[in-house]
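Nothing in this text is a laboratory measurement; each read-out follows from the coordinates by a stated rule. These numbers come from a predicted model, not from an experiment. All Cβ positions, glycine included, derive from the backbone under ideal geometry; neighbour counts span all protein chains shown.
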Amino acid sequence: MNTPPKAKLFVEGRYLKHSRDLPQTVFFCPECKGHPRRRRKCEKCEGFGKLTKDSVQELIGWVLGKAAGTRKHKFHGAGREDVDVRMLGEGRPFVMELVDPRDHQVDLAEIEATINSRNEGRLEVRGLHWTQKGRVRFLKEGTFAKEYCARVEVDRRPSEETVAALIGRRYEVAQQTPSRVAHRRADKVRERWIEVLDVQLDPEEELLLDVTIRTQAGTYVKEAVSGEGGMSKPSIAELLEVGSAKCASLDVLAILDDVEEDEAGGTAPATPGFGSGLS
Ligand SMILES: [Zn+2]
């Protein structure tokens, strides 16, 4: 191949996050923003410039960037999960943009193996391949339904009848912008759909449930579970009649390819799927 050097390279893949302490992108200190000069005197981060030692972006970018001869990279994920939420299943699609790489002869299979062996139990990447800039927009603008498993602490156990009546049903939720994101999102009410796919009662812990749910893109899941004092209605707590409910931990099980909504309210995955942007 005699392709001329490019100022940017784009690598696409999926990541799985097995830990609950890993942000998706560099977690800059909110006080000094990681600024090389200002961070030196910053009390918030004690000069580190960041609030966590690493991130999905850095763990991938350090290996990839070293091989490609650049320290500059941008991470584009198909959405993101909170720091404490695991990303399981087939992982979340992302594109890593390498800026001004010196070396274009990079063995992506080797990179993938290195990242995975270094981060076993924390981070895993799959299917690294070269892609084009256009995929960034597809991932950023796509609206993807998702599946989650929420570990839920409740006041009382739901009855079997209540559980049975809820499973498989799609219902509409009105969500006021949650207080935890109100500083960066417009305060308004959003209409979203949710389907409860499964409810498992913990055999040991009386007041613990594992609830598997599928949600429309842009649903605030933790709030959909708890209701956040009536700001998300109806909540899973209300529908299960369990008193108050708290989302103790959350896992993303699947990022679904564009989900088409049919008349009956069911869902069917549309084609093409992720990874089809191979050139
Ligand atoms: Zn700082």
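Points worth noting:
- Stokes-Einstein, applied to the Kirkwood radius of the stretch 146-255 over Cα pairs at a viscosity of 1.002 mPa s and 20 °C, places its translational diffusion at 155 µm² s⁻¹.
- Gyration tensor verdict on the stretch 35-161 (Cα atoms; rounded if a/c is under 1.5, prolate if a/b is larger than b/c, oblate otherwise): oblate
- Histogram of C-alpha separations across the stretch 182-231, 5 Å bin width, %: 4, 15, 22, 24, 15, 9, 7, 3, 0
- Computed lengthening from ARG156 to GLN200, 0.36 nm per intervening residue step minus Cα-Cα distance: 14.4 nm
- Principal-axis tilt of helix 108-118 within the chain, Cα atoms, nearest 10 degrees: 60 degrees
- Applying the criteria of a DSSP loop state and at most 11 other Cβ atoms within 10 Å to the trypsin sites (Lys or Arg not before Pro) of the stretch 166-198 yields ARG169, ARG184, LYS188.
- Gaussian network model of the chain, springs between alpha carbon atoms under 10 Å - residue of SER244, SER159, SER226 with greatest fluctuation: SER159
- Label sites at VAL83 and ALA217, each approximated as a point 7 angstrom past Cα along Cα to Cβ, lie 2.7 nm apart.
- Lysines with Cα under 30 Å of LYS41, excluding same-chain neighbours fewer than 8 positions away: LYS33, LYS50, LYS53, LYS66, LYS72, LYS74
- For the chain, Kirkwood radius (reciprocal of mean inverse C-alpha pair distance, Å): 20.7 Å
- Candidates GLN200, GLN105, GLN57, ranked by Gaussian network fluctuation over the chain, Cα under 10 Å, top entry: GLN105
- Residues considered: VAL252, VAL181, VAL189. Largest GNM mean-square fluctuation over the chain, using C-alpha springs under 10 Å, is found at VAL181.
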